[in-house]
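Reviewing the structure listed below.
The numbers here are math on the coordinates, done by the rules we state, and not lab data. Given the structure is predicted, the values throughout are model-derived calculations rather than measurements. Note that we place each Cβ from the backbone using ideal geometry, even for glycine, and neighbour counts take in every protein chain shown.
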Amino acid sequence: MRRREFLVRGGAAALSLPLVTLGSSKTRAARPIPILDIHQHPDFDKRSVELLMVHQRFHHVTMTVLLPGDGWMNGRISGNDAAWSHVRKHPREIVTFCNVDPERDDAVKLLQKHLDKGALGIGEQKFELDADSPQMRRVYDVARDYGVPVLLHFGSKHNHGFDRFHKILEAYPQVSFLGHAGTWWSNITRDGKQEGPVQKGGLSDRLLADYPNMYGDLSAGSGLNALSRDKDFAADFVLRHSRKLIWGSDCFCHDGKGATYPPGYCTAQHSLDLLREYVQDPAILRRISYDNGARLLKLKPPMPPIRFSRA
């Protein structure tokens with residue numbers, strides 16, 4: 001058994017993880033619901049791991065997934081080695097993906113090294129390449145061989161060719177892909193615009209519906225915008241795709257309340273509040289906040305809770 005398989009099947013099951021109740025401060029769900037944050041970064045804009053944990057514990061996050069950087073990304077976030085350092089400091093609350101610039105000659109070997117070590121996925125892949133390029137296909141080949149998901153940043157500069165991505169989904173049915181960022185979320189509407197009412201039939205909506213291996217990462221301002229720009233559409237969208245959406249924050253404020261974050265608010269707080277508004281069924285809320293991501297990462301169900309005080 002690979003060390004990664006041992007860590008996921010054995011080590012994760014032994015963890016005693018925090019359980020929380022998702023709900024407003026006035027109205028709480030009847031049962032505690034765990035939260036998995038699929039999208040955080042090590043040392044995001046020089047935020048220490050201690051401050052990251054302040055943010056995560058404020059929102060009662062059960063498990064945090066770190067997405068390390070490589071190449072140009074290391075200007076804002078740290079790489080694989082730093083992510084492992086954070087995992088060692090907080091093994092009960094942090095797991096990690098691995099990441100590599102696909103144009104590196106040693107890209108495949110580096111991914112294999114970190115997946116053998118116990119990384120649970122690949123990403124955030126955010127490089128100036130076509131999403132169906134030969135370099136990216138090498139990444140997908142490794143993901144297929146190891147049975148791990150790939151998280152992709154679809155933006156104006158990164159992972160071009162979104163309109164062709166369905167061909168990758170068809171070529172790699174064994175690989176689970178998580179869509180993230182501006183291009184992914186602007187395409188919930190048929191006209192591809194980032195603001196205003198949503199026109200039904202958008203490409204992202206159709207990919208989620210038509211391909212079992214396509215998932216949506218709700219993190220960042222782009223995910224928050226998708227949840228807030230057209231509330232009638234969003235409420236229906238969240239329920240229709242409740243088995244394909246995974247909550248994440250991609251928020252780099254320092255305290256869970258917006259400290260040092262230019263908009264002056266916490267993305268995590270706003271997106272969680274919207275999910276609570278749209279989803280009244282605790283079982284569906286749990287799918288999005290924990291179960292969908294845990295299933296992709298092969299995490300065991302959380303054990304009895306650790307209790308953290310919330311300032």
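FRET efficiency for residue 239 and residue 156, Cβ-Cβ distance as r, R0 = 30 Å, nearest 0.05?
That gives a FRET efficiency of 0.50.
What's the exposure ranking of 236, 105, going from fewest to most Cβ atoms within 10 Å?
With the sparsest Cβ surroundings first, the list reads 105, 236.
Under a plain spin-label model, where a point goes 7 Å from the Cα along Cα-to-Cβ, how far apart in nm are residue 135 and residue 50?
Label-label distance for residue 135 and residue 50, simple model: 3.8 nm.
Place a label point 7 angstrom from the Cα of residue 90 along the Cα-to-Cβ direction, then list the residues of region 282-300 whose backbone nitrogen is under 18 Å away.
290, 294, by backbone N distance to the label point.
Stretch residue 104-residue 190 to full length: gain in nm at 0.36 nm per residue minus the Cα-Cα span?
Here the answer is 27.4 nm.
Using Cβ counts within 10 Å as a stand-in for footprinting exposure, how do 296, 67, 120 rank, fewest first?
296, 120, 67
Do the sum for the chain: with -39,500 (n - 2.57) for every DSSP H run of n ≥ 4, divided by all residues, what is the mean residue ellipticity at 222 nm, to the nearest 500 deg cm²/dmol?
Helix-only estimate at 222 nm: -9500 deg cm²/dmol.
Listing 89, 126 from the residue with the fewest other Cβ atoms within 10 Å to the one with the most, what is the order? Write down the numbers at each step before the final one.
Details: 89 12, 126 25.
Final ranking by Cβ density, sparse to dense: 89, 126.
Name the residues whose placed amide hydrogens come within less than 5 Å of the amide hydrogen of residue 39, ignoring near sequence neighbours (fewer than 5 apart) on the same chain.
65, 249, 250
Between 62, 189, 267, find the one with the highest GNM mean-square fluctuation for the chain; connect C-alpha pairs within less than 10 Å.
189
Calculate log10 I(q)/I(0) of the chain for q = 0.16 Å⁻¹, where I(q) comes from the Debye formula with a single equal point scatterer on each Cα and nothing for solvent.
Per q value, in the given order, log10 I(q)/I(0) is -1.44.
Extension gain residue 145-residue 128, at 0.36 nm per residue separation less the Cα-Cα distance, in nm?
3.7 nm
To the nearest 0.05, how large is the calculated FRET efficiency for residue 199 and residue 113 if R₀ is 41 Å and r is the Cβ-Cβ distance?
Rounded to the nearest 0.05, the efficiency is 0.35.
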